[in-house]
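Presented below is the structure to which this report refers.
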Amino acid sequence: MKITPQCVVALTWTLKDTLGEVLDELEEPTEFLLGGHDLLAKIDEALQDHAAGDEVELHLEPEHAFGDFDDSLLFLEPRACFPDDLEEGMAFEGLPPGCSPAAPQDKVYFVSEIYPEHVVMDANHPLSGIALRLKLKVHAVREATAHEVGRGTLGMGFFRLGGASHDVPHAPGGQHLH
């Protein structure tokens, strides 16, 4: 079966930056809904008309991946608002009470730096501002069920960040982002 809009594909991938450093590797085939919210639009587009066994290589500029880095999404917050066991790379859905009221509460924030009195919180996607190289392998293709199409996802979003309905990737530094 060839890949069509709103079908389910089982993929593995290797994600690298433009210098060739591996950022993420999905080694076990995982199912994603095409035409829904699971994959970036450029990935959906590139997979169309491929079949099981095919490999696809993509170069994604930031505007087609996770956007440009936005300095306005950096917040300097009081250290006292955070738990004692705070570590760089930890993720928070919204900021804790006592933090900047101007910070959007519908974002996922990552601890980017810790100082004795302050913490730098970053609501940018960890891969924002980075051009990416993605090598995909299609392992299987099947028709999506009406339920899957209606939900718009199989629950395995490709690095999607947002409110509680989205998966939060693990912190950078040795753990996978998918």
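All of the numbers you see were taken from the coordinates with simple rules; none came from a lab. In this text the structure is predicted, and so the values were computed from the model without any measurement. Here Cβ is always computed from backbone atoms with ideal geometry, including for glycine, and neighbour counts include all displayed protein chains.
Here are the numbers for this structure:
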read-out: FRET efficiency estimate (nearest 0.05) - Cβ-Cβ, residue 12 to residue 87, R0 25 angstrom; value: 0.25
read-out: Sites residue 41 and residue 151 - FRET efficiency at Förster radius 25 Å, r taken between beta-carbons, to 0.05; value: 0.85
read-out: Proxy reagent accessibility, fewest Cβ within 10 Å first, across 90, 1, 121; value: 1, 90, 121
read-out: Residue-wise HN-Hα coupling along segment 97-106, computed from phi with Karplus coefficients 6.51, -1.76, 1.60 (Hz; x: Gly, Pro); value: x, x, 8, 3, x, 6, 6, x, 7, 8
read-out: The chain - percent relative contact order, Cα under 8 Å, separation 6 or more; value: 32
read-out: Amide hydrogen neighbours beyond the local backbone of residue 35, cut-off 5 Å, H modeled; value: 6
read-out: Least to most buried among 30, 4 (fewest other Cβ within 10 Å first); value: 4, 30
read-out: Difference of contour (0.36 nm per residue) and Cα-Cα distance, residue 54 to residue 79; value: 4.1 nm
read-out: Net charge contributed by nearby residues that have their C-beta within less than 9 Å of residue 118 (K/R +1, D/E -1); value: -2
read-out: Summed side-chain charge close to residue 35 - residues other than residue 35 whose Cβ falls under 11 Å, Lys, Arg +1, Asp, Glu -1; value: -4
read-out: Ranked list, fewest to most other Cβ atoms within 10 Å of each Cβ, for 19, 73, 11; value: 19, 73, 11
read-out: Helix-only CD estimate at 222 nm, as mean residue ellipticity for the chain, using -39500 (n - 2.57) per DSSP H run (n ≥ 4); value: -1500 deg cm²/dmol
read-out: Among 83, 62, 126: highest mean-square fluctuation, GNM of the chain, C-alpha pairs under 10 Å; value: 83
read-out: Correct option for percent of Cα pairs over 31 Å apart [calculated from the coordinates] among [x] 23; [y] 54; [z] 27; value: [x]
